[in-house]
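The values are calculated or read from the model by the stated rules, or taken from the named source; none is laboratory data. None of the values given here were measured: they were computed from a predicted structure. Here the Cβ positions follow ideal geometry from the backbone for every residue, glycine too, while neighbour counts run over all protein chains shown.
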Amino acid sequence: MPGQLLARGVCRHLHSHNFMGLEEFVPDRGLRVDVIALGPKGEIWIVECKSSRADFQTDRKWQGYLAWCDRYFWAVDQDFPTDLLPLDTGLMIADSYDGEIVRMGPESKLAPARRKMLTRKIARTASLRLHSHRHPGLSPSWGPQTEEEQLE
């Protein structure tokens, strides 16, 4: 729950930069990012929310996320020991209501084909979630029936 509250504040802050955030996104099998955000020029940022030292120290997948974004950030609360976080990544300080970019993550541009595929996947996931929210229990009689099936 604390990580989800951080993700909420991160998404609100990203919106102030004209980035639209999507929580709990699966860019590829075996990976699930806390927040992926799509910018006004098609930029893709990933933000991992860490609520404690233990949460960070047990995370073994984060380097696999670097290949799926143009910039990578950590989001932590103001009490988190930020000296634990790698200096070559971005940093946001957040709470459940807002956040602040303290250190911009270095840019590493995605390949055009990956960007296109990922942008489509973000759009389809967001649309499916909206559809599910507006029409609970209703799924199309064609195609994938769940978000997990849709992402495969």
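The table below lists the values:
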| item | result |
| --- | --- |
| Of the criteria (1) surrounded by fewer than 17 Cβ atoms within 10 Å (Cβ to Cβ); (2) under 19 Å from R114 (Cβ atoms); (3) within 16 Å of the chain's Cα centre (by Cα); (4) not acidic (D, E), which one K41 fails | (3) |
| Selection within region 75-122 - without any contact (Cβ under 8 Å) to a residue 40 or more places away in the chain, acidic (D, E) and under 21 Å from Q4 (Cα atoms) | D79 |
| Of all residues making up region 88-111, the number that are touching a strand residue (DSSP E or B) at 6+ places or on another chain (Cβ under 8 Å) and farther than 14 Å from L66 by Cα | 10 |
| Enumeration of residues in region 83-109 that are surrounded by fewer than 13 Cβ atoms within 10 Å (Cβ to Cβ) and either of a type in the set (S, T, N, Q) or in contact with a Cys (Cβ under 7 Å, 6 or more places away or on another chain) (or both) | S108 |
| Test result for G42, small (G, A, S) and on the phi > 0 side of the Ramachandran plot | yes |
| Counted residues, region 123-139 - those being touching a residue at least 12 places away in the same chain (Cβ under 8 Å), of a type in the set (A, V, I, L, M) and in contact with a helix residue (DSSP H, G or I) (Cβ under 9 Å, 6 or more places away or on another chain) | 1 |
| Selection count where residues are closer than 23 Å to R103 by Cα and in a loop (DSSP other than H, G, I, E, B), scope region 5-31 | 3 |
| Selected residue (only one of L130, L138 is within 19 Å of C11 (Cβ to Cβ), modelled with pLDDT under 95 and surrounded by fewer than 13 Cβ atoms within 10 Å (Cβ to Cβ)) | L130 |
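Results for (1) assigned to a helix (DSSP H, G or I); (2) out of contact with any Gly (no Cβ under 9 Å at 6 or more places or on another chain); (3) under 17 Å from K109 (Cα atoms), shown as yes or no for each residue.
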| residue | (1), (2), (3) |
| --- | --- |
| A54 | yes, yes, no |
| Q63 | yes, yes, yes |
| Y72 | no, no, yes |
| D83 | yes, yes, no |
| L87 | no, yes, no |
